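Novice: Next up is a structure, given as structure tokens.
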Amino acid sequence: MLVLSPKRVTAVLSAFAFVLLLISVVRNVYQQLTGAELRIGTVFSFGDQVNVPTWYSASLMLLCALLLLLIAWERHQNGDRFARHWGFLSLLFAFLSVNEVVYLHRRLFVFFLYVLPLPGKRLIGFLLLVGFTVGLFLAYRKFLAHLPKRILGSFLVTGALYFMAVVIDKFDKRDYWQYVAAFGTERSPGLLTTADEMLELIGVIILIHAVLSYMSLHIKELRFYIKN
């Protein structure tokens, strides 16, 4: 029998995230002091695409998507009216997991920026994000009100952390392109990028804890059978 304790799972996930944060900070401080690149640190560098933090973040989002899918399936079996809400959240985090690796949002942004003949193209991505967030909140207001207060708080904290990460990312990207324009070369991911990615990691870990806590309250046991 596999028993999942929300506290233990959260502790293990948080410990690994802390190790990644520590390595990234040491790498950035070393580069600032010496001007040299700590080569082994590139594997653990936040902001690069092919590295351990990207794999870990994508894996956590996929884990969250699977847990949400289990809740959606169990709620559907019991005729719960919010089963579809859980299911859509599962699809959303599956998308975020893929996006973490292949940057789908950037490809969509390029599509709107260069293909569609729209005014104010550089605001399209931001406006789409704001519209999606507002629409999601309106569609989920009854779902959120139905959640236990402690779990609702975790959902709201996760949303706030993701919003902070987006704001930091916007500032960092503006600084990034100014650097490229001035020096004609790319720079290594800095502390702002580390903070941005770390906020996302913390947010998804909090959400995993909330989802496991919800499962401990409403889903005491899950059984799987393989039929011939």
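The values are calculated or read from the model by the stated rules, or taken from the named source; none is laboratory data. Computed from a predicted model, the values in this text were never measured in an experiment. Using ideal geometry, Cβ is built from the backbone for each residue, glycine included, and neighbour counts are taken over all protein chains shown.
Novice: Out of all the residues in the range 3-15, which are more than 12 Å from Ile202 (Cβ to Cβ) and touching a helix residue (DSSP H, G or I) at 6+ places or on another chain (Cβ under 9 Å)?
Specialist: Restricting attention to the range 3-15, the residues satisfying the condition of being more than 12 Å from Ile202 (Cβ to Cβ) are 3-9, 11-12, 15.
Of everything in the range 3-15, those that are more than 12 Å from Ile202 (Cβ to Cβ) and touching a helix residue (DSSP H, G or I) at 6+ places or on another chain (Cβ under 9 Å) turn out to be Leu4, Ser5, Pro6, Lys7, Val9.
Novice: Additional query: Take the range 15-44 and flag every residue that is surrounded by 12 or more Cβ atoms within 10 Å (Cβ to Cβ) and at pLDDT below 70.
Specialist: Those that are surrounded by 12 or more Cβ atoms within 10 Å (Cβ to Cβ) and at pLDDT below 70: Glu37, Leu38, Gly41, Thr42.
Novice: Does Gly79 satisfy the condition of being surrounded by fewer than 17 Cβ atoms within 10 Å (Cβ to Cβ), at pLDDT 85 or above and out of contact with any Ser or Thr (no Cβ under 8 Å at 6 or more places or on another chain)? First the steps, then the outcome.
Specialist: Numbers: surrounded by fewer than 17 Cβ atoms within 10 Å (Cβ to Cβ): yes; at pLDDT 85 or above: yes; out of contact with any Ser or Thr (no Cβ under 8 Å at 6 or more places or on another chain): yes.
Taking the combined requirement at face value, the residue satisfies it.
Novice: Going through Thr10, Thr54 one at a time, which residue ends up being farther than 14 Å from Leu199 by Cα, at pLDDT 80 or above and either surrounded by 13 or more Cβ atoms within 10 Å (Cβ to Cβ) or within 17 Å of the chain's Cα centre (by Cα) (or both)?
Specialist: Being farther than 14 Å from Leu199 by Cα, at pLDDT 80 or above and either surrounded by 13 or more Cβ atoms within 10 Å (Cβ to Cβ) or within 17 Å of the chain's Cα centre (by Cα) (or both) holds for just one of Thr10, Thr54, which is Thr10.
Novice: A follow-up question, please. Can you find even one residue in the range 57-76 that is surrounded by fewer than 16 Cβ atoms within 10 Å (Cβ to Cβ), of a type outside the set (D, E, K, R) and modelled with pLDDT under 90?
Specialist: Within the range 57-76, none of the residues are surrounded by fewer than 16 Cβ atoms within 10 Å (Cβ to Cβ), of a type outside the set (D, E, K, R) and modelled with pLDDT under 90.
Novice: Pull up the range 148-194, narrow it to residues that are aromatic (Phe, Trp, Tyr) and at pLDDT 60 or above, then point me to the one that is surrounded by the fewest Cβ atoms within 10 Å (Cβ to Cβ).
Specialist: Checking each candidate, the answer is Phe171.
Novice: May I pose another question? Quick check, is Gly87 at pLDDT below 90 and among the small types (Gly, Ala, Ser)?
Specialist: Values: at pLDDT below 90: no; among the small types (Gly, Ala, Ser): yes.
No.
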